[in-house]
Amino acid sequence: MRYISAPWRADYVRKALSMKRCIFCEAMKSRDDRSAAVVYRGRRNFILLNRYPYTPGHLLIAPKRHVADFAEARPDERAELADLLQVALRVLRVHCAPHGFNTGMNLGASAGAGVAGHYHLHVVPRWTGDANFMPLVGATRVFIEDLDTTYQKLRPLFDVERARRERAGRMKRSPAVHSR
Ligand SMILES: [Zn+2]
């Protein structure tokens, strides 16, 4: 997904590829959601902020399991991934009212995956003309320093979504009441 010129990404991708540890597994294991930029933990997947975003609000949805290829995803993993994509779209619409989204996966280093060993779905909010104004904002630092601010705004919105999903899950599990 190279729709936006993001020069800091090249450096990041190079660094990520040379790293032995997996940033997704590390974020997943972290006990500190805020420092790990994890906004949502599901049963099989979790959502985190991209530290090197294409646009502000750029999210990543990844399985808890370390798997490189989406073709290896289990049915419960891919079902929840689709659910969490809906959650992410809802939250981002409230958070930053984007005009549209790019969402997709880069599978394999040659396809542009920064972390090729652990598949992840990008959710990138887009605004009309953002490809023109984004580089003018002054590159990296604006977005990177703003990550914690973004986190603090997004986390409560995801907490609302989690409560909603938990309520829905309880209703599904509780036995149906039949009236005679
Ligand atoms: Zn991993």
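If you filter region 53-94 down to residues that are in contact with a Ser or Thr (Cβ under 8 Å, 6 or more places away or on another chain) and of a type outside the set (A, V, I, L, M), you find that the one that is nearest to residue 129 (Cα to Cα) is 56. Taking residue 93 as the residue in question, decide whether it is within 16 Å of the ligand (Cβ to nearest atom), without any contact (Cβ under 8 Å) to a residue 24 or more places away in the chain and either touching a Leu at 6+ places or on another chain (Cβ under 8 Å) or not in a strand (DSSP E or B) (or both). No; evaluated as a whole, the condition is false for this residue. If you go through region 38-56 and keep only what is closer than 23 Å to residue 79 by Cα and not hydroxyl-bearing (Ser, Thr, Tyr), you end up with 38, 39, 41, 42, 43, 44, 45, 46, 47, 48, 49, 50. Screening residue 37 against (1) closer than 20 Å to residue 82 by Cα; (2) within 16 Å of the ligand (Cβ to nearest atom); (3) touching a Ser or Thr at 6+ places or on another chain (Cβ under 9 Å) leaves a single unmet condition, (1). Taking region 40-66 as the range and being away from the ligand (no atom under 12 Å from the Cβ) and of a type in the set (Lys, Arg) as the test, the residues that pass are 41, 43, 44, 51.
Residue-by-condition table, conditions (1) in a helix (DSSP H, G or I); (2) modelled with pLDDT of 95 or more:
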residue: 84; (1), (2): yes, yes
residue: 123; (1), (2): no, yes
residue: 132; (1), (2): yes, no
residue: 143; (1), (2): yes, no
residue: 167; (1), (2): yes, no
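The values are calculated or read from the model by the stated rules, or taken from the named source; none is laboratory data. Note that the structure is predicted; figures quoted are calculated from it, not measured. Positions of Cβ are generated from backbone atoms using ideal geometry, with glycine treated the same way; all protein chains shown enter the neighbour counts.
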